[in-house]
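Trainee: Got a structure for you, written out below as structure tokens; questions coming shortly.
Read-outs: derived from the displayed coordinates by stated rules, not from any lab. Remember, it's a predicted structure, so these values are computed and weren't measured experimentally. Using ideal geometry, Cβ is built from the backbone for each residue, glycine included, and neighbour counts are taken over all protein chains shown.
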Amino acid sequence: MYCPKCDAANSDQAAFCAHCGVSLRDNDGIPLRPVFYVGTYAGFWRRFAAWSLDGIVIAAIALAAFIASRDVLASALFGGWLYCALMESSPMHATLGKMALGLVVTNMEGEGISFRRATGRYFGKVAFGLVIGIGCLAIVFNRKKQGMHDELADTLVLKK
């Protein structure tokens with residue numbers, strides 16, 4: 001069994017994750033199972049539309065963080081990171097933009113992803129995006145419609 005929070009491998013009988021300590025069972029003692037998604041790979045334009053919607057949300061978060069901290073770079077990077085990583089590792093498995101377009105972010109087996117994996121995906125997107133968006137352009141040519149950040153984090157973006 002893999003931990004839904006940190007992706008660490010645990011025995012099927014474990015009650016708590018050996019790595020991070022999160023409960024692996026519900027209130028009735030039944031093991032938590034990851035959500036599995038089966039869908040088609042989300043293409044470039046649908047993902048671009050979701051990214052555009054998320055840009056509006058991130059701008060609002062960054063503006064609020066800037067008003068509070070007066071640090072532009074930290075506000076944008078920190079706000080965007082928390083928004084994306086928290087939403088994509090949540091039970092919804094998607095940011096607001098992705099939800100609006102019926103998309104989810106999963107691991108390679110169609111399961112939800114952890115906060116750690118979502119964090120790696122986000123910072124991969126930032127790093128590869130700095131190179132003239134080449135990381136996202138890879139979506140057009142990749143068989144599984146993965147950007148370089150998806151390949152780095154072993155994630156997929158699927159249409160539900």
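Trainee: Roughly how tilted is helix 72-88, in degrees to the nearest 10 and between 0 and 90, from the longest Cα axis of the chain?
Mentor: The answer is roughly 40 degrees.
Trainee: Listing 57, 105 from the residue with the fewest other Cβ atoms within 10 Å to the one with the most, what is the order? Don't skip to the end; give the middle numbers.
Mentor: Numbers: 57 17, 105 26.
Ordered from fewest to most neighbouring Cβ atoms within 10 Å, 57, 105 come out as 57, 105.
Trainee: Fewest Cβ neighbours within 10 Å first, please rank 73, 137 accordingly. Could the numbers behind the result be given before it?
Mentor: Numbers: 73 9, 137 16.
Ascending Cβ contact count within 10 Å gives the list 73, 137.
Trainee: Oh, and also: So what's the net charge close to residue 105: Lys and Arg +1, Asp and Glu -1, counting the other residues with Cβ under 15 Å from its Cβ? Walk me through the numbers on the way to the answer.
Mentor: Working: positive: 46, 47, 98, 116, 117, 121, 125, 144, 145, 159, 160; negative: 7, 54, 88, 109, 111, 150, 151, 154.
Computed value for this residue: +3.
Trainee: Still on this structure, please answer the following. Name the long-range amide H neighbours of residue 22: under 5 Å, sequence gap of 5 or more, or other chain; modelled H, no Pro or chain starts.
Mentor: 17
Trainee: Full extension from residue 40 to residue 66: what is 0.36 nm times the residue separation minus their Cα-Cα distance, to one decimal in nm? Could the numbers behind the result be given before it?
Mentor: On the way: separation 26, 0.36 × 26 = 9.36 nm, distance 3.82 nm.
Working it through step by step, the gained length comes to 5.5 nm.
Trainee: Also, I was wondering about something else. How tilted is helix 115-129 with respect to the longest principal axis of the chain? Cα atoms for both, answer in degrees (0 to 90, nearest 10).
Mentor: Tilt relative to the chain: about 20 degrees.
Trainee: DSSP loop (so not H, G, I, E, B), at most 14 other Cβ within 10 Å: list which GluC sites (Glu not before Pro) in region 45-152 pass both filters. Mind dumping the intermediate values first?
Mentor: Details: sites: 88, 109, 111, 151; in loops: 109.
Qualifying residues, ordered by number: 109.
Trainee: Specify which residue in the list 42, 87, 122 is farthest towards the positive end of the charge dipole of region 40-159, using unit charges on the beta carbon of Lys, Arg (+1) and Asp, Glu (-1), about the Cα centre.
Mentor: So the residue furthest toward the plus end is 42.
Trainee: For the chain, what's the relative contact order in percent, using C-alpha pairs closer than 8 Å and at least 6 residues apart?
Mentor: On the way: 258 pairs, mean separation 39.6, N = 160.
About 25 percent, as a whole number.
Trainee: I've got another one for you. Which ³J(HN,Hα) values in Hz, rounded to whole numbers, follow from the phi angles of region 45-51 under the Karplus curve 6.51 cos²θ - 1.76 cosθ + 1.60, where θ = phi - 60° and Gly and Pro get x?
Mentor: 3J(HN,Hα) across region 45-51, in whole Hz: 5, 5, 5, 4, 5, 5, 4.
Trainee: What FRET efficiency comes out for residue 59 versus residue 13 if R0 is 45 angstrom and r is the Cβ-Cβ distance? Round to the nearest 0.05. Can you show the working numbers first?
Mentor: Values: r = 47 Å, r/R0 = 1.03.
Efficiency at R0 = 45 Å is approximately 0.45.
Trainee: Give a residue-ordered list of calculated ³J(HN,Hα) values for region 62-71 (Karplus: 6.51 cos²θ - 1.76 cosθ + 1.60, θ = phi - 60°; whole Hz; x for Gly, Pro).
Mentor: Whole-Hz 3J(HN,Hα) from phi for region 62-71: 5, 5, 4, 5, 5, 4, 6, 10, 6, 10.
Trainee: Using θ = phi - 60° and the Karplus form 6.51 cos²θ - 1.76 cosθ + 1.60, what ³J(HN,Hα) does each residue of region 109-114 get, whole Hz, x for Gly and Pro?
Mentor: 9, x, 9, x, 10, 7
Trainee: Sticking with this one: So how strong a dipole does the chain carry about its Cα centre when Lys and Arg Cβ are +1 and Asp and Glu Cβ are -1, to the nearest 20 debye? Walk me through the numbers on the way to the answer.
Mentor: Values: 16 positive and 12 negative charges, 90 e Å.
It comes to approximately 440 debye.
Trainee: Still on this structure: Given the -39500 (n - 2.57) contribution per DSSP H run of 4+ residues, what per-residue ellipticity at 222 nm results for the chain, rounded to the nearest 500 deg cm²/dmol? Before the final figure, lay out each step's value.
Mentor: On the way: 6 runs with 77 residues, N = 160.
Rounded to the nearest 500, it is -15000 deg cm²/dmol.
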